[in-house]
Every structure is written in structure tokens, then in C-alpha cells.
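Asker: My questions will all concern the structure given below.
The values are calculated or read from the model by the stated rules, or taken from the named source; none is laboratory data. Because the structure is a prediction, the values reported are computed rather than measured. Cβ coordinates were reconstructed from backbone atoms using ideal geometry, including for glycine residues, and neighbour counts include every protein chain displayed. We work out accessible area using only protein heavy atoms, side chains counted, and drop any ligands, DNA or RNA first. Shrake-Rupley method; radii C 1.70, N 1.55, O 1.52, S 1.80 Å.
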Amino acid sequence: MKYFLLLLLPLMLSASLTFTSNHTKEIAVLESFDIEASFLYDPIMNDMKNKNMTIYKEKRFFQAMNDAYLFIPAIKSILAKHGIPAEFLFLAMAESHFSAKAFSVKKASGLWQFMPATGKIYGLKIDEYVDERRDLIKSTEAAAQHLSELYAKFGKWYLAAIAYNCGGGRLGRAIEAAKSDDLNILLDPKKKYIPRESRLYIRKIVALALLGNDEQFLLKSEYEHLLNRANAYSISTVRVPRGESLKRVSKLVGIPLSELQKLNRHLKYDFVPPYLGGYDIYIPYIKLSDFKQKYFEEKIQNIYKVHVVKKGDTLYEMGKKYKVSYKMIVDFNNLKSNVLSLNQKLIVPIDNKANVEKINKEIYYLVKKGDTLESISQAYKISVRSIQLKNNLKSTLIREGERLKLYE
């Protein structure tokens, strides 16, 4: 019995130390929200945490973190820059489950679920080509600015989080009615100082933050591996010229198109807007060196316009108006017929330098005697570099009779 107790003692000590360590972390999480330690015993929050723990064991929590591994470091960095606790990362998780595509019935959108009017207040562009509420970096900058302003107004981080949900005006009236900004008083279910949604909202963020800092939960679920991946990867901002397509960047730099689209959900189409100064897109940081080495601006630069079909519009008339083949409009929009519907949105590629009517079809050139890449380039309005890339040419030397791919 004596030896058994001696063997059991280290295990008991280890369990005690683990509990103490985890309890200390839980208190630290609450302190980051300016919430008192007694909130650890809030029954609704604990019930929410335990239910979530069961749900997230089915990998929902970890799938969200895994999907966001590329941009979580950028979010943390922006929050830190604005002096916002790192735990507010879980506000984004509560809002959108880390999905830039998230869209609510109230027309809120993006990672931080901005309404159109609020997004524009913080400089997020929303037009025919982009919705920057879905921009991972710009929307996080806007959210950080908004949260900082709410904190400056109310003086406590849990109040900033509640105001983010129900609005600063609504929270201000609640504090005035309660004659207190104490969390327990504001959460009173009978007095209903703040809406039920907001009472659950602050608890959900805290529950998620506690889960995200629960060492035993994370280790059992191998979350540590995902966290390390998140720290190892990040994203870079690169500027490309107007009209540039994600598909072309994907091919040149060697990034799967789906991954590039995921990082650029703010683009409404798979090309950047036709703004004169070009536009920023995001790529994985590990591809930045490849981008600098391999990316070049295509000489044939397509400028795209979104045409809203009006009464009497035909593909032929549209082609005439924009000086492109109507077949090109059909190809770009994958139209199955020439019948158009009112208010239908069509992408019209406008090319001022070359009218390439066989877009999306392979075009080859048979090299003749005396041809050079430079002469072919000038004749077909396509860059020498582009011909080299399409044909895996390591030099400018070409042979008579050689077949060169010019377009796809």
C-alpha cells in the first residue's frame, strides 16, 4: 500500500499542477476582457462552454482554426497594433466562424460582420467589383479601430464587445437604466438591460476564448499542431495592375486558384477592379519570393466592365458598343444561349491594345524562317515573356517548324 501511494503521488501532483495552471489561464482570459474571476462560475457561460466542447470535439472548432491558419497571424498582429487583447480573435470566430464569405439576413458580411453603412464609415469600399467587408486585412483594421473607439467610450473590454453586438447607443442607455456597468447587473435576465442576444453574445466569446486557452482540451485534440501551423504561415500583400485575373496570378506563381480565391473573397469576380492605380491582393507569404521572380504585367491588359442588361440590349449591340466580339462576352460569362434577362450582370472584357476574339481557345503559331520571338510578339500583341512561359522556353532561340502556343 505504501509503495502504491508513492507511485500515485506524482500523478496526483501532476493533476493538481495542471488544474492550477489551467485555472490561472482561465482567470487571465477573463482579465483580458476586464471581467472578474467570479464569472468563471456563471452557469449559462459554463453550460455554453461544455456544450461547445462536445460540439467542437467533432472538429468544428479545429476545422475553423485550420481553415483560417493562413490569416490568423495577421489578425493577431493587427489587434496587437491597436492594443486590443488577443482574445478578441474569438469575437471574429463568434461573428463568422472565421469565414470571409459569412453573410447575415440583416446584410452584415465578412469576418467581422460589418453592416454596409458601418463598413463605409471605416473606409471599406463596397462597389460593383469589391466588397471590402470581406477583405481579411482591411476589415480587421476597421474592426480594430471600431473596438478601440468603443473601449475609449466605455472603458472596459467586455463593454466594447457587448457594444460591438448591440451598438454603443443601446449599451449607453442600458448602463444609464441600470445605473451601473457591472457585467452581472447588465446580464440580469429579469431586468433585461441589454438584449438577450447580447447577453448570450458576451458569454459565447468568453466560452470560445476559454476553450482556445484550455491546455488539456487542446492537447487531447492535437490543436497544438494547428496553432504551430498558424504561427508558421502568414499572408503578403502584393499590388497587381487593373483587370489582372486571379487565374493568371495562380498559374504564374504556382498557387492553387482555390487558395488564392479564399484569401481574396472581397473580389466579386476573379479579377481585380479596373481602378487606374491597380489593386492589392493577398498571397501566402511563402509565395512572395516566387511572385517577385515570376510575376510580370501582361502587355495585353484586359479591362473589365460589369454591364447591367437594360431593355432592348442584345449581345451584338453590346459587342459593338464595347468594340469586342459578342462571342467574347459569351465566353467570359459562360452563356448557354444569346437570350438575356433584365438586370442580368455581364462581365465585358475591354482590350484597347488587341482584340483577341478567340479567348479561352488555344491559338498556336508555326515558326517560319526568319521569325524571332520579338517579331511574333509584336505581330500578335503578346509579350515575349508570355510566349516563353506558355512554351517552357528557357531562351529566346526558336527553330523553323516549331509550334508555339500563343493563347489559351
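Asker: From T18, T54, which residue is of a type outside the set (A, V, I, L, M, F, W, C), assigned to a helix (DSSP H, G or I), open to solvent by 70 Å² or more (accessible area, probe 1.4 Å) and at pLDDT below 95?
Answerer: T54
Asker: I'd like to verify a number: residues in segment 243-269 that are crowded, with 18+ Cβ neighbours inside 10 Å and assigned to a loop (DSSP other than H, G, I, E, B), how many?
Answerer: Going through segment 243-269 one residue at a time, the tally reaches 6.
Asker: List the residue pairs whose Cβ atoms are under 7 Å apart, where the first residue sits in segment 376-402 and is more than 22 Å from K251 (Cβ to Cβ), the second is among the basic types (K, R), and the two are 6 or more positions apart or on different chains.
Answerer: Qualifying pairs under 7 Å: E400/K368; E400/K369.
Asker: Identify, please: which residue in segment 155-165 is open to solvent by 30 Å² or more (accessible area, probe 1.4 Å) and without any contact (Cβ under 8 Å) to a residue 40 or more places away in the chain and is, among those, nearest to the chain's Cα centre (by Cα)?
Answerer: N165
Asker: Please determine, by comparing only the residues of segment 108-125 that are part of a loop (DSSP other than H, G, I, E, B) and within 19 Å of S198 (Cβ to Cβ), which one is most open to solvent (accessible area, probe 1.4 Å). Steps first, answer last, please.
Answerer: Restricting attention to segment 108-125, the residues satisfying the condition of being part of a loop (DSSP other than H, G, I, E, B) are 108, 110-113, 115, 122-125.
If we keep only those that are within 19 Å of S198 (Cβ to Cβ) too, we end up with 108, 112-113, 115.
Values: A108: 8, W112: 1, Q113: 32, M115: 79 Å².
Per the stated criteria, the residue is M115.
Asker: Please specify each residue of segment 270-291 satisfying the condition of being modelled with pLDDT of 90 or more, open to solvent by 20 Å² or more (accessible area, probe 1.4 Å) and among the aliphatic types (A, V, I, L, M).
Answerer: If the condition is that a residue be modelled with pLDDT of 90 or more, open to solvent by 20 Å² or more (accessible area, probe 1.4 Å) and among the aliphatic types (A, V, I, L, M), then I286, L288 are the ones that fit.
Asker: What are the pairs with Cβ atoms under 7 angstrom where one residue, in segment 275-289, is at positive phi and the other, located anywhere, is at pLDDT below 95 and open to solvent by less than 40 Å² (accessible area, probe 1.4 Å)? Sequence gap at least six, or different chains.
Answerer: As it stands, the answer is G278/V240; G278/P241, since those pairs meet every condition given.
Asker: Could you identify the single residue in S139, S148, S77, S99 that is modelled with pLDDT under 95, on the phi < 0 side of the Ramachandran plot and in a helix (DSSP H, G or I)? Let's see the steps before the verdict.
Answerer: Working: S139 fails: modelled with pLDDT under 95; S148 fails: modelled with pLDDT under 95; S99 fails: in a helix (DSSP H, G or I).
Testing whether each residue is modelled with pLDDT under 95, on the phi < 0 side of the Ramachandran plot and in a helix (DSSP H, G or I) leaves just S77.
Asker: Answer yes or no as to whether E128 is open to solvent by less than 50 Å² (accessible area, probe 1.4 Å), more than 17 Å from I235 (Cα to Cα) and among the charged types (D, E, K, R). Can you show your working first?
Answerer: Values: open to solvent by less than 50 Å² (accessible area, probe 1.4 Å): no; more than 17 Å from I235 (Cα to Cα): yes; among the charged types (D, E, K, R): yes.
So E128 fails the test.
Asker: Return the only residue of K138, K179 being charged (D, E, K, R) and surrounded by fewer than 20 Cβ atoms within 10 Å (Cβ to Cβ).
Answerer: None of the others qualify; the one that does is K179.
Asker: Here's a follow-up. Taking segment 88-124 only, how many residues are within 13 Å of H146 (Cβ to Cβ) and of a type in the set (K, R)?
Answerer: Within segment 88-124, residues that are within 13 Å of H146 (Cβ to Cβ) and of a type in the set (K, R) number 1.
Asker: Kindly list the number of the only condition in (1) closer than 20 Å to D67 by Cα; (2) at pLDDT 95 or above; (3) surrounded by fewer than 19 Cβ atoms within 10 Å (Cβ to Cβ) that fails for V238.
Answerer: It is condition (1) that V238 fails.
Asker: Is there any pair with a first residue in segment 87-107 that is farther than 14 Å from Y201 by Cβ and open to solvent by less than 30 Å² (accessible area, probe 1.4 Å) and a second that is of a type in the set (A, V, I, L, M) and assigned to a loop (DSSP other than H, G, I, E, B) whose Cβ atoms are under 7 Å apart and which are 6 or more apart or on different chains, and what are they?
Answerer: Within 7 Å, the pairs are F98/A68; F98/L111; A100/L111.
Asker: Any idea which of E357, E374 is out of contact with any Phe, Trp or Tyr (no Cβ under 9 Å at 6 or more places or on another chain) and either open to solvent by less than 80 Å² (accessible area, probe 1.4 Å) or at pLDDT below 75 (or both)?
Answerer: That would be E357, the only listed residue that is out of contact with any Phe, Trp or Tyr (no Cβ under 9 Å at 6 or more places or on another chain) and either open to solvent by less than 80 Å² (accessible area, probe 1.4 Å) or at pLDDT below 75 (or both).
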